[in-house]
1. May I ask you to say which residue of 38, 82 is out of contact with any helix residue (DSSP H, G or I) (no Cβ under 9 Å at 6 or more places or on another chain) and part of a helix (DSSP H, G or I)?
2. Looking for whichever is over 21 Å from residue 102 (Cα atoms), out of contact with any strand residue (DSSP E or B) (no Cβ under 8 Å at 6 or more places or on another chain) and without any contact (Cβ under 8 Å) to a residue 24 or more places away in the chain here; the options are 66, 38, 11. Which one fits?
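The values are calculated or read from the model by the stated rules, or taken from the named source; none is laboratory data. All values reported here derive from a predicted model rather than from experimental measurement. Cβ coordinates were reconstructed from backbone atoms using ideal geometry, including for glycine residues, and neighbour counts include every protein chain displayed.
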């Protein structure tokens, strides 16, 4: 079975998602940029895995998402609401809902929300 890989921008995003995840997930932290070295070191080793891209809904996140789309065309993209802008600012129940909708196990029942 493929392992799930979540690509996020930084430690605060990872830590926030760990608050709601209830299954092992491999995190790849880009720290907002993708140099050729980072691509070879971080992205290429996971391209055959079940990859999810979950970056902030701001300009830097959108730029990173666009780059990752080209590198990992089969990755599934997860989005927070533009009003929250950052994963770190997204309420835990909404993060749980997003993750649950994408077949992740979460630590508590995510309320039924509409996107």
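1. So the residue among 38, 82 that is out of contact with any helix residue (DSSP H, G or I) (no Cβ under 9 Å at 6 or more places or on another chain) and part of a helix (DSSP H, G or I) is 38.
2. Testing whether each residue is over 21 Å from residue 102 (Cα atoms), out of contact with any strand residue (DSSP E or B) (no Cβ under 8 Å at 6 or more places or on another chain) and without any contact (Cβ under 8 Å) to a residue 24 or more places away in the chain leaves just 38.
A quick yes/no check of all residues on (1) within 21 Å of residue 107 (Cα to Cα); (2) modelled with pLDDT of 95 or more:
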{"site": "1", "(1), (2)": "no, no"}
{"site": "17", "(1), (2)": "yes, yes"}
{"site": "35", "(1), (2)": "no, no"}
{"site": "42", "(1), (2)": "no, no"}
{"site": "58", "(1), (2)": "no, no"}
{"site": "68", "(1), (2)": "no, no"}
{"site": "71", "(1), (2)": "no, no"}
{"site": "83", "(1), (2)": "no, no"}
{"site": "91", "(1), (2)": "yes, no"}
